[in-house]
Structure formats: structure tokens, C-alpha cells
1. Out of the residues in region 1-11 that are open to solvent by 60 Å² or more (accessible area, probe 1.4 Å) and not in a loop (DSSP other than H, G, I, E, B), state the one that is farthest from the ligand (Cβ to nearest atom).
2. Which residues, counting only those in region 12-51, are part of a helix (DSSP H, G or I) and either modelled with pLDDT under 95 or under 14 Å from Pro120 (Cα atoms) (or both)?
3. Quick test for you: out of Val34, Val21, pick the one residue that is under 26 Å from Ser116 (Cβ atoms), open to solvent by 10 Å² or more (accessible area, probe 1.4 Å) and within 11 Å of the ligand (Cβ to nearest atom).
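The values are calculated or read from the model by the stated rules, or taken from the named source; none is laboratory data. All figures in this text were calculated on a predicted structure; none of them were measured in a lab. Using ideal geometry, Cβ is built from the backbone for each residue, glycine included, and neighbour counts are taken over all protein chains shown. Remember, those area values only see protein heavy atoms, side chains included, never the ligands or the DNA or RNA. Shrake-Rupley method; radii C 1.70, N 1.55, O 1.52, S 1.80 Å.
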Amino acid sequence: MAARVEAVRADITQETVDAIVNAANSTLAGGGGVDGAIHAAAGPRLLEECRRVRRTAYPGGLPVGYAVATGAGNLPCRWVIHTVGPNWHRGQRDEADLAACFANSLREALRVGARSVAFPAVSAGVYGWEGATVARVAVAAVRSAPELAHLDLVRFVLFSDRLLADFQAALTAD
Ligand code: AR6
């Protein structure tokens, strides 16, 4: 049976799902927003793992739309999947890049053995995409992902009532 797909208003760092997704930047060196919150809650082991990923798999940085898993340090989940959303302010306005963040994160989740995954609204903060667009693209990408059949739960974890409403609307559309 395909995974349940839902949206809640919560702090993603408190999620007890198998894997949470981080809206990172290509350096994987931490930052503000949800990235800063995840690193703060996970502790220094997460940054060490990110540095190792940079040294080994992605010396040039994680490209936009890619996703890579690490351990989760002190977080209650088992893995953090780092993805890099497109930055609207830099002219990165192709919805396919945003969709790839969600699709590739689910692929990475399945690869490490996760069965439940929580996503933030990737690119809807510092990177400047409209919440409603992110919601529409994210829901479509998740629903069409072949991995969905092998997962139990995909949860969108939103930080505001406005974004929660955007995701609930996208989940109930068509
Ligand atoms: N739980 C859930 N959602 C959160 C949390 C949280 N604890 N904290 C913030 N959000 P952003 P982006 C929401 O800016 O737009 C960073 O500096 C937030 O309200 O975190 O992809 C990175 O290092 C917003 O709705 O990510 C990059 O440089 C959503 O998460 C850059 O920002 C995403 O906002 C990435 O920008």
C-alpha cells in the first residue's frame, strides 16, 4: 500500500519519523532557517558528517535538486536527508528543480532504509519561492514518486498556518 501523505504544523526537529529532510545549501555547512534549527538540535556530529560528504561524494558542493543522507546526531530521527532547493532570488525558477528535491529525497530515504519521511517547505523561506507553488510542486512530486509504494508515511511539516493551509489545499486538490 502506498504511504500516507499528510501535512501538519510543527517543528521538524522534533519529528520521530525515520528521516527528516533538511532545506540545506550546496555547502552543507549549515545556515539559517530550518537548516540552522536542524544543526542546532542535532549537535556537532551532523556537521562532521556533512563535511565528510563534502570531502568524499560532493567536493564541489551538493547541486540544486540533489539529496544526500547522513546520520542525525542528537535528533530523535535516524537520518537527515540534505537537499538543496532552487533559489528564486538567483533566478533558479524551474519547478523541475524543486520537484527533484522531493523526488530525490524519497529515493535517498529508501536507499538508507527509511520508511517514514518528514519534509519542510523546501525553498519557501530564504530561497523565496511562493508557499502555494512549493506546496503544489511538492505534493505532485511525492505522489508521483515510485518510492511511495515502499514507504509508510510522508509528512509535510510546516512552520506557519499559512503554509499549512497551502499544503492542505494542494493535498485536497483534484
Ligand atoms: N521546522 C519546520 N520548518 C521550519 C523550521 C523548523 N524548525 N524552521 C524554519 N522552517 P528555509 P530555503 C521553515 O529558509 O528557503 C538556509 O540558510 C521556514 O519557515 O529554512 O530552502 C540554508 O542554509 C520555511 O517555510 O529554507 C540555505 O542557505 C521553510 O522551513 C537556505 O536557508 C524553508 O525555509 C535555504 O532556503
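1. Result: Arg4.
2. Those that are part of a helix (DSSP H, G or I) and either modelled with pLDDT under 95 or under 14 Å from Pro120 (Cα atoms) (or both): Ile12, Thr13, Gln14, Gly33, Val34, Asp35, Gly36, Ala37, Ile38.
3. So the residue among Val34, Val21 that is under 26 Å from Ser116 (Cβ atoms), open to solvent by 10 Å² or more (accessible area, probe 1.4 Å) and within 11 Å of the ligand (Cβ to nearest atom) is Val34.
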